[in-house]
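The values are calculated or read from the model by the stated rules, or taken from the named source; none is laboratory data. All values derive from a computational prediction rather than experimental measurement. Using ideal geometry, Cβ is built from the backbone for each residue, glycine included, and neighbour counts are taken over all protein chains shown.
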Amino acid sequence: MLELKNICFTRDNKKILDNINLKIDEDKLIAITGPNGSGKSTICKIIMGIERPDSGQVILNGEDITNLSIDERARKQISFAFQQPVKFKGITVYDLIKLSAGKDINKKEACDILSNVGLCAKEYIDREVNGSLSGGELKRIEIATIAVRESKLTIFDEPEAGIDLWSFNNLIQVFENLQESKKSSIIIVSHQERILNIADNVILMKDGKIEKIAQKEEILESIEKPCCRIKRGENNG
């Protein structure tokens, strides 16, 4: 489904990604982990078009999308969830869900979507997506906007960042439900062992390179080192 070929990326004379080659099949949940600064988030931003590689190709279903814009990639059913969800002053949760859906949906449908991510719909449907919402609430609303889209590939960049433990615990179920219901591929950048545990495969990054791609058990054994120790379920802050 998705293939990265010989991807290199440099910023401020520092090589962030060094000749990355990667294939991600359909209907898979893939976790990317590794030490801070290893290139995890940069890979995802290149897939989405937020960053452009210095060299190499991004191939989606056989098509070279390396030079496509973010909007063009979104139309090809790629979605991206940031570490810190974007706030939209003056836009209600209901408005945002309708915009994400790309079609007119009624409030009952929107409420069902909110309920699926663990929010009481009546309390949130007419609220503005602004600073009055907590990090966990914003994260759930962002996931709801992704769930309503017809995405074939969804990318989550450290979804546990800045949320409370209760919200994190429920995120795990949300990811499993999202993949099961949409039959789509999901990429999650995370340091959390509990997220790695639900992945089909885990990619271990180090110094801008893919050090290993394996099942979670093998990866977890290889990363029990101070430089890249995985966090075991606590809030990543």
Next on the checklist: Which count do you get for residues in the stretch 202-230 that are in contact with an Asp or Glu (Cβ under 9 Å, 6 or more places away or on another chain) and modelled with pLDDT of 85 or more?
Outcome noted: 8
Item to check | Criterion violated by Val86 - all others in (1) over 22 Å from the mean Cα position of the chain (by Cα); (2) modelled with pLDDT under 85 satisfied | outcome: (1)
Item to check | Some residue of the stretch 110-125 being at pLDDT 80 or above, assigned to a loop (DSSP other than H, G, I, E, B) and touching a Leu at 6+ places or on another chain (Cβ under 7 Å) | outcome: yes
Item to check | Flag for Leu68 being of a type in the set (A, V, I, L, M), at pLDDT 95 or above, at negative phi and assigned to a loop (DSSP other than H, G, I, E, B) | outcome: yes
Next on the checklist: As an exercise: evaluate Ile47 against (1) crowded, with 19+ Cβ neighbours inside 10 Å; (2) within 13 Å of Met205 (Cβ to Cβ); (3) out of contact with any Leu (no Cβ under 6 Å at 6 or more places or on another chain) and give the number of the one condition it does not meet.
Outcome noted: (2)
Checklist entry - Quick check: anything in the stretch 175-189 at pLDDT 75 or above, crowded, with 16+ Cβ neighbours inside 10 Å, assigned to a loop (DSSP other than H, G, I, E, B) and at negative phi? => result yes
Checklist outcome for this item: Inside the stretch 193-212, the number of residues satisfying the requirement of being in contact (Cβ under 8 Å) with a residue 40 or more places away in the chain and farther than 18 Å from Gly37 by Cα is 7
Checklist outcome for this item: Flagged in the stretch 50-80 as in contact (Cβ under 8 Å) with a residue 40 or more places away in the chain, among the β-branched types (Val, Ile, Thr) and under 28 Å from Lys139 (Cα atoms), in numbering order, are Val58, Ile78
Next on the checklist: So, Asn36, is that one under 18 Å from Leu196 (Cα atoms), over 16 Å from the mean Cα position of the chain (by Cα) and without any contact (Cβ under 8 Å) to a residue 12 or more places away in the chain or not?
Outcome noted: yes
Next on the checklist: Residue under question is Ile7, and the condition is that it be assigned to a strand (DSSP E or B), among the hydrophobic types (A, V, I, L, M, F, W, C) and touching a Ser or Thr at 6+ places or on another chain (Cβ under 8 Å); does it hold?
Outcome noted: yes
Item to check | Residue list for the stretch 190-200, restricted to those being assigned to a helix (DSSP H, G or I) and aliphatic (A, V, I, L, M) | outcome: Ile195, Leu196
Checklist outcome for this item: Taking the stretch 67-123 and the residues there that are of a type in the set (Ser, Thr, Tyr) and over 18 Å from Leu153 (Cβ atoms), the one that is surrounded by the fewest Cβ atoms within 10 Å (Cβ to Cβ) would be Ser115
Checklist entry - Identify, please: which residue in the stretch 201-220 is of a type in the set (D, E, K, R) and assigned to a strand (DSSP E or B) and is, among those, farthest from Glu26 (Cα to Cα)? => result Lys206
Next on the checklist: Can you find a residue that is β-branched (Val, Ile, Thr) and assigned to a helix (DSSP H, G or I) anywhere in the stretch 78-92?
Outcome noted: no
